[in-house]
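The values are calculated or read from the model by the stated rules, or taken from the named source; none is laboratory data. In this text, all values refer to a predicted model and were calculated from it rather than measured experimentally. Please note: Cβ atoms are built from the backbone with ideal geometry, for glycine as well, and neighbour counts cover all protein chains shown.
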């Protein structure tokens, strides 16, 4: 399980730190960026965490697809409406967009800017990916 501390860290990985600080301790798979608009990706635990850096190797965002929690609540698998209720967030004030994938599935993406989070939600209204950023 990985604790998200908004604007600070996901598990042991801290934003604004160099990924070099972690490479000798954690076994990660590196995928270099393919364009100027892309990010270098360091996958940990078979993609349970994807850590993104620019050319400077500074951690800018982290995607959590495994068990991650914040303020004692497990986010992955949580119903999005339960999230808004538990954290007392007015859903109507949150930007949401639909993202379509090549296999015809769609996910709703909610930007929780006050916490540096982006929540990706499946057709069953469950959070499946949490992006955290500095």
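Things to note:
- Those strands (runs of 3 or more DSSP E) of region 17-134 in which 3 or more residues are in contact (Cβ under 8 Å) with a residue 60 or more places away in the chain occupy 59-64, 68-70, 127-133.
Every residue, every condition in (1) out of contact with any helix residue (DSSP H, G or I) (no Cβ under 6 Å at 6 or more places or on another chain); (2) surrounded by 17 or more Cβ atoms within 10 Å (Cβ to Cβ); (3) within 25 Å of residue 128 (Cα to Cα), yes or no:
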position: 1; (1), (2), (3): yes, no, yes
position: 20; (1), (2), (3): yes, no, no
position: 24; (1), (2), (3): yes, no, no
position: 44; (1), (2), (3): yes, yes, yes
position: 49; (1), (2), (3): yes, yes, yes
position: 54; (1), (2), (3): yes, no, yes
position: 61; (1), (2), (3): yes, yes, yes
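- Residues satisfying the stated conditions in region 92-112, i.e. in contact with a strand residue (DSSP E or B) (Cβ under 8 Å, 6 or more places away or on another chain) and either surrounded by 10 or more Cβ atoms within 10 Å (Cβ to Cβ) or within 19 Å of residue 66 (Cβ to Cβ) (or both): 94, 95, 96, 99, 106, 107, 108, 109, 110, 111, 112
- Residue under evaluation residue 48, criteria (1) at pLDDT 95 or above; (2) closer than 21 Å to residue 4 by Cα, criterion not met: (1)
- Scan region 31-42 for residues that are surrounded by 12 or more Cβ atoms within 10 Å (Cβ to Cβ) and in contact with a strand residue (DSSP E or B) (Cβ under 8 Å, 6 or more places away or on another chain) and the total you get is 6.
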